[in-house]
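To start, the structure itself, in structure tokens.
The values are calculated or read from the model by the stated rules, or taken from the named source; none is laboratory data. The model shown is predicted, which means the values in this text are computed figures rather than measured ones. Heads up, the Cβs are rebuilt from the backbone with ideal geometry, glycines too, and the neighbour counts pull from every protein chain shown.
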Amino acid sequence: MSTTTRIGQLEIACFSDGEARTSVDFAIGLSRAEAEGLVGPTQDGWIFIPVNNFLFRRDEALIMIDAGTGQGNQPTLGHLPENLRKGGVDPASVTHVLLTHLHSDHANGLIDAAGQAVYPNAQILLHEVEHAFWTNAAPSGESAKLTASRERNQRNLVPYADRIRIVADGETWRGCTPILSAGHTSGHTCWQIDTGGEMLIAWGDTVHFAAIQVPRPDIAVTYDMDGERARQARRALLERVSRSPIMVAGSHLPAPGIGRIIATSEGYRFRPAIN
Ligand SMILES: [Zn+2]
């Protein structure tokens, strides 16, 4: 499944990795009833959220934002490579992968079950803060879960070791600028993309539950490493894009994953782009 949105000079395709099963109970500071008031009825709190990846061509480069979940996660996930092929894109033709962060639904898809590169000709671009956090040795007292993520994230990068480009905050590459937006992870990154006429911000996991966190940006989720910083980053970004013509592309925003943020009397709402 893919949809394409034209923004400025670019055609940005949204390729789905599938849908992640998650629970509104992972929203912090919101009762089940309040959450269901926003998302609609759920099955005992469980809902599915989209997992989007974005692809565009700039000159001779074929640039993808994030790389999906790969194999071994939920059965509804891991479909990015087949969806790329269905859309006429050979994963081997991807030349660059810009990562928003290294969580499993964004970076585990870099490697296959054998640990080989799914994108054998791609260079990885990763913010220096996110890279340092996950590649440093585990500090003493770290949770087993975090250490396991650290080990997996390091494995994801192994086949790309000689083609990882570590980028500094604000360093523009081909019109794509990484902006640190820490909170969800230490080096969570928004990619600001100059499309040649308009600006697009690929905001990664700034929002997980669009129906909850766009109207109520104060609601953090248990996936955030630092909920308060994530909250501040979300508020600041929503405020910024709602006051400008900047479009947003979100890893977990509803189809087509791209649109505008509109300020409302109480919060914000997402207006999907029309293709
Ligand atoms: Zn995510």
Kindly list the number of the only condition in (1) on the phi > 0 side of the Ramachandran plot; (2) within 14 Å of the chain's Cα centre (by Cα); (3) surrounded by fewer than 16 Cβ atoms within 10 Å (Cβ to Cβ) that fails for Gly197. (2)
For the range 240-269, enumerate the residues that are without any contact (Cβ under 8 Å) to a residue 12 or more places away in the chain and either in contact with a Pro (Cβ under 8 Å, 6 or more places away or on another chain) or assigned to a helix (DSSP H, G or I) (or both). Arg240
Considering every residue within the range 216-224, establish whether at least one is away from the ligand (no atom under 16 Å from the Cβ), surrounded by 16 or more Cβ atoms within 10 Å (Cβ to Cβ) and over 27 Å from Gly40 (Cβ atoms). no
Exactly one condition in (1) of a type outside the set (S, T, N, Q); (2) closer than 22 Å to His131 by Cα; (3) modelled with pLDDT of 95 or more; (4) surrounded by 22 or more Cβ atoms within 10 Å (Cβ to Cβ) is false for Ala117; which is it? (4)
Subset of the range 99-123, residues on the phi < 0 side of the Ramachandran plot, among the small types (Gly, Ala, Ser) and either more than 16 Å from the ligand (Cβ to nearest atom) or part of a loop (DSSP other than H, G, I, E, B) (or both), comes to Ala113, Ala114, Ala117, Ala122
Mind checking which residues of the range 42-68 are small (Gly, Ala, Ser) and surrounded by fewer than 24 Cβ atoms within 10 Å (Cβ to Cβ)? Gly45, Ala61
For the range 66-98, give me the residue count where each residue is among the charged types (D, E, K, R) and within 16 Å of the ligand (Cβ to nearest atom). 1
Please enumerate the residues belonging to the range 32-70 that are under 29 Å from Gln192 (Cα atoms) and in a loop (DSSP other than H, G, I, E, B). Asp59, Glu60, Asp66, Ala67, Gly68, Thr69, Gly70
